[in-house]
Structures are given as structure tokens and as C-alpha cells.
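Chemist: Here it is, the structure, as C-alpha cells.
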Amino acid sequence: MRAILLEEPKNFKTIEVDEAPSPGPGEALVAVHRVGICGTDISGYLGKFPFYSYPRIPGHELGVEVLEVGEGVENVKAGDRCSVEPYINNEESFASQRGRGNCCDNLEVLGVHTDGGMRERFIVPARKLHPSHGGLEMEQLALVETLAIGCHAVDRAKPTADDTVLIIGAGPIGLTCVEFTRLTPAKMIVMDMNDDRLAFCRDNMGVENTVTFKGDDSEEQALRDANGGELPTIVIDATGNAQSMANAMNYVAHTGTLVYVGITLGEIVFPHRWLHAKEMNLLASRNALPGDFARIIKLIEDGQIDTRPWITHRTTLEDLPNVFESYTKPETGVIKAVVTIQD
């Protein structure tokens, strides 16, 4: 059975792996049809993701078909099309018992800590499968996980009609935050250093207010100009860049909230007075919750989220090692790449 292995940073290899076994109790055998490429995959490829281990079969944004289920499985059946919640948590852990399996201390994420879906078939815990009964395509199902990241981050911030949300970074994760901020009554501003990405936000996602990050300290005034003289009450940093994550504190209004959804290997350093003077809320957002997957599938089925503009690049399992390097370069215009494993 074909698979892609990331042996070490920047070194993909096409391999043959053993055929998947029959599913045991609580498990399902799935056929992988589509795999999305996201910032975690790119950071893992570049050796910049703190939780990544090598060698690793990547792939955690998955559109799959259930082939067979094991004893006791009732939430899915053979033939179901599903998105995979790739966060394999210990259900008895402290965080899981508090309904927060997304940050379980024993968490293993498919394609990061344990082998993922860049292969034709594999076994997953059936509880991690979220079916679509509304006819979603495999590409749409493969985008559910990345959308869930933004869903959870925005839920952490809890924006209201009285808030202005600044999203820093208009890459794939930042765009998922845009999608779910759009579903709130809050005002929104998006900031990025890439004007093409900001144009994508305006032209495809209806974002009215964008700010180009120039690195010349003009950004704070530009944000005030876009927000009636005040700074945003909520800032979500989706860059994964330590310097950006530190600077983000400058843009938060007094009494405001900063959410880190991006992740970095570097240290985030800032004067304590920035945090203290504003009595700021500082939050982390990791992964997503099971309910986010069901919610997103329904939103796509109902037409409230359109995934079509997201997919800018497509490739196959065979060609992925040859083209992946290009996905790391913003100038290639990649928003979301999707890999076809099988039709």
C-alpha cells in the first residue's frame, strides 16, 4: 500500500506500507480520498513545528470513506463519507474529563505525533469520525479540520457586537478565523504583510478593512484609523511568528483579549507592562473540539461556508514530494493545497 513518509525535515519519500488490518472494537477502517496541506504540514516539513516527530507519515486534514467498522461502533457505518478529528486523546486524562480533549496531556495528533493519512487506508478510532449526510465532497470534508482551528480560536475569544476583532496573518489558519468571525456580529480587520493575501480576503471573503503590515510602526495608527480611533478589543495572531506574537500585544485595546492560535518554536518576549497596564486577557487556542466538526459540516451543507475559493492548488500522492517545496513559498499564491490519494 502506497504512502508518503517525511523521513526528516525537507526529505519526503514514497514508500510501501503493510495493508491495514480489520478494525477492532471501537475502530473503523477508512479509505483516504483527499488530504489537505496546512501550516502544520509546512512547519513540519521545514523542521519548525515543536510537536512534530520524525520519521512520520503526515496528513491530518482528511476526507475519508468508511470501509468497515469494528464491534460496538454505532456513530458511522460502511459507506459513510467523513471528516476525521485527528486529535487522539486519552479519554481518562484530566483535560478530557473536563471536556477539553483537544489539549489532553497525552494527546497524539495524526500526522504529527503518530502516522497520519497520507496513505490509501488506515485504522482510526470511530469516535473521531464525523459523517456528512448532506452529500459533501471529499475535498470539502478534508477542509473541515482546518476550519475547526479557526472555529475554536474565535470561540475562545467570544466576540460580541461591541468588539472589533483583528486577525493577524491571512494564511490558511488566519482565513479560518476570518470565516468564523464573519459569523459573529463583531467588526473585523485583517492584517498581513502580503498584499495578495489581503486582496483574497477582500475579494473572496468580504473583508472590508485590511491593513498591510510594513514593519515601520505605522500599523497601530492604521488600525486606529480603521476603527474610529480605538484599538481592537480582540486580537487573534495566526502567524506562528514569535516576533509577530510579541508585537500583537501593542494592538490590543485596554481591557482587551489576545488569542494565540499560531504556534512557534521561538520564545515570545515582551515587557510585562504591555500586558499589565491593559489588564489584558491572554489566551491560547489549541486544535478544536468534537462539536466544532459537526457544526462546520452543517454550515458547509447549508451553504453558509463556501470552501471553493480556498483550494488554489491540487496534486496527487505520487507528485507531492516534487511540488511540496513550492507550497512553502507565499509567492506561489498557495492558500490551500489538496492531495488526491484515490478517487
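Chemist: Measuring from centroid to centroid over Cα atoms, what is the spacing of the stretch 215-270 and the stretch 114-156 in Å?
Modeler: 30
Chemist: May I pose another question? Check each of the trypsin sites (Lys or Arg not before Pro) in the stretch 188-221 and keep only those in coil by DSSP with at most 10 other C-beta atoms within 10 angstrom; list them in order.
Modeler: Of the trypsin sites (Lys or Arg not before Pro), the ones in loops of the stretch 188-221 whose Cβ has at most 10 other Cβ atoms within 10 Å are Lys214.
Chemist: Which Cα, out of Val252, Gly291, Ile236, lies furthest along the positive dipole direction of the stretch 217-304 (beta carbon charges, K/R +1, D/E -1)?
Modeler: Most positive-ward Cα: Gly291.
Chemist: So what is the diffusion coefficient of the chain in µm² per second by Stokes-Einstein at 37 °C and 0.692 mPa s, using a Kirkwood Rh over Cα pairs?
Modeler: 159
Chemist: Grab every C-alpha pair in the stretch 218-258, bin the distances at 10 angstrom width from 0 up to the longest one, and report whole percents.
Modeler: 31, 56, 13
Chemist: Here's another thing I want to ask about it. On alpha-carbon atoms, Rg over Rh for the stretch 149-284 using Kirkwood Rh?
Modeler: 0.92
Chemist: When DSSP beta bridges are limited to those with both residues in the chain, what percentage is antiparallel, rounded to the nearest 5?
Modeler: Numbers: 33 of 60 bridges.
Approximately 55 percent, going by the DSSP bridge assignments.
Chemist: To check my understanding: the extent here is largest minus smallest coordinate of the Cα atoms along each principal axis. What are those three numbers for the stretch 215-343, in Å, largest first?
Modeler: If we take the Cα atoms of the stretch 215-343, the spans are 56, 35, 28 Å.
Chemist: Same structure, new question: What number, rounded to the nearest 500 deg cm²/dmol, is the helix-based mean residue ellipticity at 222 nm of the chain, given -39500 (n - 2.57) per DSSP H run of at least four residues and division by all its residues?
Modeler: After summing the helix terms and dividing by residue count, I get -7500 deg cm²/dmol.
Chemist: In the stretch 90-178, which GluC sites (Glu not before Pro) fall in coil by DSSP and have 13 or fewer other Cβ atoms within 10 Å?
Modeler: Numbers: sites: Glu91, Glu92, Glu108, Glu120, Glu137, Glu139, Glu145; in loops: Glu91, Glu92, Glu120, Glu137.
Listed in order of number, the matching sites are Glu91, Glu92.
Chemist: If you don't mind, there's one more thing I want to ask. Pairs Lys48/Lys278; Lys128/Lys336; Lys10/Lys48; Lys10/Lys329; Lys187/Lys214: which are spaced more than 20 Å apart, C-alpha to C-alpha?
Modeler: Details: Lys48/Lys278 32 Å; Lys128/Lys336 23 Å; Lys10/Lys48 11 Å; Lys10/Lys329 14 Å; Lys187/Lys214 23 Å.
Cα-Cα > 20 Å for Lys48/Lys278; Lys128/Lys336; Lys187/Lys214; rest within.
Chemist: At a threshold of 8 angstrom on Cα-Cα distance, excluding pairs fewer than six apart, so keeping six or more, what relative contact order does the stretch 149-284 reach in percent?
Modeler: Across the stretch 149-284, relative contact order equals 22 percent.
Chemist: Could you grab the relative contact order for the chain? Cα pairs under 8 Å, six or more apart, rounded to a whole percent.
Modeler: With pairs under 8 Å counted, the relative contact order is 18 percent.
Chemist: OK, next. Quick check: net charge around Ile234, other residues with Cβ under 9 Å of its Cβ, Lys/Arg +1 and Asp/Glu -1?
Modeler: Working: positive: Lys158; negative: Asp163.
After counting each charged neighbour, the total is 0.
The numbers here are math on the coordinates, done by the rules we state, and not lab data. Given the structure is predicted, the values throughout are model-derived calculations rather than measurements. Every residue, glycine as well, gets a Cβ built from its backbone with ideal geometry; the counts of neighbours run over all protein chains shown.
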